[in-house]
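K.L.:
Got a structure here, written out as structure tokens. Questions coming.
The values are calculated or read from the model by the stated rules, or taken from the named source; none is laboratory data. Quantities reported herein were computed from a predicted structural model and do not represent experimental measurements. FYI the Cβ positions are ideal-geometry reconstructions off the backbone, even for glycines, and counts take in every protein chain you see.
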Amino acid sequence: MLPPSETSAGVRPSPLAHLRPSPEGDRVWSAGLTVFGGSVLVIAGLILAELGTQSGPAWKKLGVLSFLFGSAWDPVQDKFGALPFIYGTLVTSAIAVLVAVPVSVGLALFLSEMGPKQLRRPVAFAIEVLAAIPSVIFGLWGLFVMVPWLREYVEPFLQKTLGFLPLFQGPMIGLGYLAAGLILAVMILPTIASVTIEVLKTVPLPLKEGALALGATRWEAITMTVLPYARPGIFGAALLGLGRALGETMAVTMVIGNSPEIHASLFAPGYSLPAVIANEFAEATGAVHVAALAALGLVLFGITIILNALAQLLLQAVSKGVRRGAQ
Amino acid sequence: MTSLQWRRFVDLFWTAASGTGVVLALVPLASLLWLVISHGAAGLSWSFFTSLPAPVGESGGGVGNGIVGTLLLVGIASAMALPVGIGAGVFLAEKGDGKAGSAIRFVAEVLSGVPSIVVGIVAYGLVVERMKRFSALAGGLALALLMVPTLARSTEEFVRLVPGALREASLALGVPKWRTSLLIVLRTAAGGIITAVLLAVARAAGETAPLLFTSLNNQYWNLRPDQPTASLTVQIFNYAISPYEDWHNKAWTAALVLLLLVGLLNLLARLLSRNQMEGAR
């Protein structure tokens, strides 16, 4: 401790006086940090309040249920139903998750359990690159590369082999639910893969070693010990991916075809919640139109918040389990 | 086939199946990178970086105003988001072990998953509707709102990496807590925080959706925050969905420019964080 320095005449002030503990400084610093920390909550509140006020007129004029379940969207006649967009968002996100989860879990298992170790760093780097690419570039690639490929090869093939299902009937134009779902799958793959790799790291080694020591093959050890242990975490990763897919805007806007109708066929053009907001918000003139788009935003916000909260709680539970296991 | 052979076969089969996952993930990436580079490189020239967009049918023209606009938007966003985001991150690391801390951490984590288009609506209501015009300020605010939560979480992680012994040594010498935080902890974590900032800036530079109805677009140069402004991403979008072959080529070239910008920021962040990790060892 520093000696208490006296300021009266004759006594030299300590050269370290400026370092004396100062409760004022600590208090200011601590208060400042708290304000910054609290600002995160303020932002959350601001988003909710702003979406609420902006969408207010829509809920009042159109009615909550008839807005959410109305299937006509015609701004010229002031008809606003959200169902085609909710349907398109759910269908494309479902395709994305169904495609991306097996691929990214396979990738994660190969990297952390089964494949050669030398592949880990380069592939992990590639996944990081994939995650860093802006979504408008995915849209550009989807529009000029994936859509023609779907139209020429994939959709005719699906129709020939699985055409008896209503999912794969109708004209094949490339743009549509399938294209949007697949581009979303590529985009959420890094999220799911990297979270799954982290989750796999939390599996206690003795579990797997025990299975291997008893003569299990690597795959048997994975199905018996690794996967059961990691399952909640992988589920959390899938939820995070789903949340990203639901809110992804640009790439979907560019390949989904932008038609506010509901089709059973995955080849048909559709629309999604973020896509309609992106396309119509800047040019919306009627007050109800703007409010209806904001209401779509509120619906989207609600869905993604709930999903993300669930995913966080799951992943937190997984990492807490690890800490408890380690003690 | 004996049962052991069968089990080995099953093992091999699933190894191959999971390896297919790696291939399936890398093919789109390779295709995208290759096409952006090969299509984009054709249109690269000095004037592409320095000139205004040309009208349909006229040759030449570039995305100079888009590059400037993206820098302006990211600059405005950083000015607003960096102090708040970093401050919130330091709060979480230094005082975030209680109930309030975990609540804020949870909210930040959930907010980082909010779709960017939704944040665009918020910025529209807060700025565009009040000012009665689209502006770079509105676009910057949207980007800032997106940056704060992620910045807070990554700053927290880097601040927590600072060895406790450093902090204790400083406190033992009688240095007040706030000076210890500021001069010892934050200075040690500075490299990591800069990494976090670079990654957040790279993400913001690649955003399109929240800009469509906040900063809108602009055919001319603009440096005024109260005016609509062009941005690289919105230009790529407009060129890509246009019906003109010539504009599609411009979209690819602009995409290459954006990819280089984002790639450069990420590369810098990687180099810095590698140094940081080695320094900590």
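K.L.:
Checking B:VAL118 against (1) within 12 Å of another protein chain (Cβ to nearest Cβ); (2) crowded, with 22+ Cβ neighbours inside 10 Å; (3) within 29 Å of B:PHE213 (Cβ to Cβ); (4) in contact (Cβ under 8 Å) with a residue 12 or more places away in the chain, only one condition comes out false. Which one?
P.N.:
Of the numbered conditions (1) within 12 Å of another protein chain (Cβ to nearest Cβ); (2) crowded, with 22+ Cβ neighbours inside 10 Å; (3) within 29 Å of B:PHE213 (Cβ to Cβ); (4) in contact (Cβ under 8 Å) with a residue 12 or more places away in the chain, the odd one out for B:VAL118 is (4).
K.L.:
Are any of the residues in region B:203-226 over 19 Å from B:ILE76 (Cβ atoms), within 11 Å of chain A (Cβ to nearest Cβ), in contact (Cβ under 8 Å) with a residue 40 or more places away in the chain and not in a loop (DSSP other than H, G, I, E, B)? If you could, list the steps in order and put the result at the bottom.
P.N.:
Taking region B:203-226 as the starting set, the residues that turn out to be over 19 Å from B:ILE76 (Cβ atoms) are B:219.
Those left that are additionally within 11 Å of chain A (Cβ to nearest Cβ): none.
Within region B:203-226, not a single residue is over 19 Å from B:ILE76 (Cβ atoms), within 11 Å of chain A (Cβ to nearest Cβ), in contact (Cβ under 8 Å) with a residue 40 or more places away in the chain and not in a loop (DSSP other than H, G, I, E, B).
K.L.:
Are any of the residues in region A:247-266 more than 14 Å from A:THR89 (Cα to Cα), more than 12 Å from chain B (Cβ to nearest Cβ) and in contact with a helix residue (DSSP H, G or I) (Cβ under 7 Å, 6 or more places away or on another chain)?
P.N.:
yes
K.L.:
Here is a follow-up. Just checking, how many residues over region A:243-268 are more than 23 Å from the chain's Cα centre (by Cα) and surrounded by fewer than 24 Cβ atoms within 10 Å (Cβ to Cβ)?
P.N.:
Result for region A:243-268: 8.
K.L.:
Would you confirm, using the coordinates I've provided, whether B:GLY66 is buried (at least 20 other Cβ atoms within 10 Å of the Cβ) and modelled with pLDDT under 90?
P.N.:
For B:GLY66, the condition - buried (at least 20 other Cβ atoms within 10 Å of the Cβ) and modelled with pLDDT under 90 - is not met.
K.L.:
So, one more: Could you tell me whether A:ALA309 is out of contact with any helix residue (DSSP H, G or I) (no Cβ under 7 Å at 6 or more places or on another chain), of a type in the set (Gly, Ala, Ser), within 10 Å of chain B (Cβ to nearest Cβ) and surrounded by fewer than 19 Cβ atoms within 10 Å (Cβ to Cβ)?
P.N.:
Answer is no for this residue.
K.L.:
Only residues in region A:247-272 that are closer than 21 Å to A:PRO75 by Cβ count as the first member; pair them with residues that are surrounded by fewer than 24 Cβ atoms within 10 Å (Cβ to Cβ) and among the hydroxyl-bearing types (Ser, Thr, Tyr), Cβ under 6 angstrom, at least 6 apart or cross-chain, and list the lot.
P.N.:
From region A:247-272, the pairs are A:ILE262/A:TYR87; A:PRO269/A:SER259.
K.L.:
Still on this structure: Does region A:203-222 contain at least one residue that is crowded, with 16+ Cβ neighbours inside 10 Å, more than 14 Å from every other protein chain (Cβ to nearest Cβ) and under 30 Å from B:SER242 (Cα atoms)?
P.N.:
No.
K.L.:
Please go through region A:139-156 and pick out each residue that is more than 7 Å from chain B (Cβ to nearest Cβ) and surrounded by 19 or more Cβ atoms within 10 Å (Cβ to Cβ).
P.N.:
A:GLY142, A:MET146, A:VAL147, A:LEU150, A:GLU155
K.L.:
Scan A:VAL103, A:VAL129, A:VAL136 and give me the residue that is out of contact with any helix residue (DSSP H, G or I) (no Cβ under 6 Å at 6 or more places or on another chain), facing another protein chain (nearest Cβ under 7 Å) and either of a type outside the set (Asp, Glu) or on the phi < 0 side of the Ramachandran plot (or both).
P.N.:
None of the other options fit; the residue is A:VAL129.
K.L.:
Taking the residues in region A:269-291 that are more than 21 Å from A:MET250 (Cβ to Cβ) and away from chain B (no Cβ under 13 Å) as candidates, determine which candidate is surrounded by the most Cβ atoms within 10 Å (Cβ to Cβ).
P.N.:
Among those residues, the one meeting the criterion is A:VAL288.
K.L.:
Can I ask one more? Say whether the condition of being away from chain A (no Cβ under 11 Å) and either surrounded by fewer than 22 Cβ atoms within 10 Å (Cβ to Cβ) or touching a Lys or Arg at 6+ places or on another chain (Cβ under 7 Å) (or both) is met by at least one residue in region B:227-238.
P.N.:
Yes: region B:227-238 contains one or more residues that are away from chain A (no Cβ under 11 Å) and either surrounded by fewer than 22 Cβ atoms within 10 Å (Cβ to Cβ) or touching a Lys or Arg at 6+ places or on another chain (Cβ under 7 Å) (or both).
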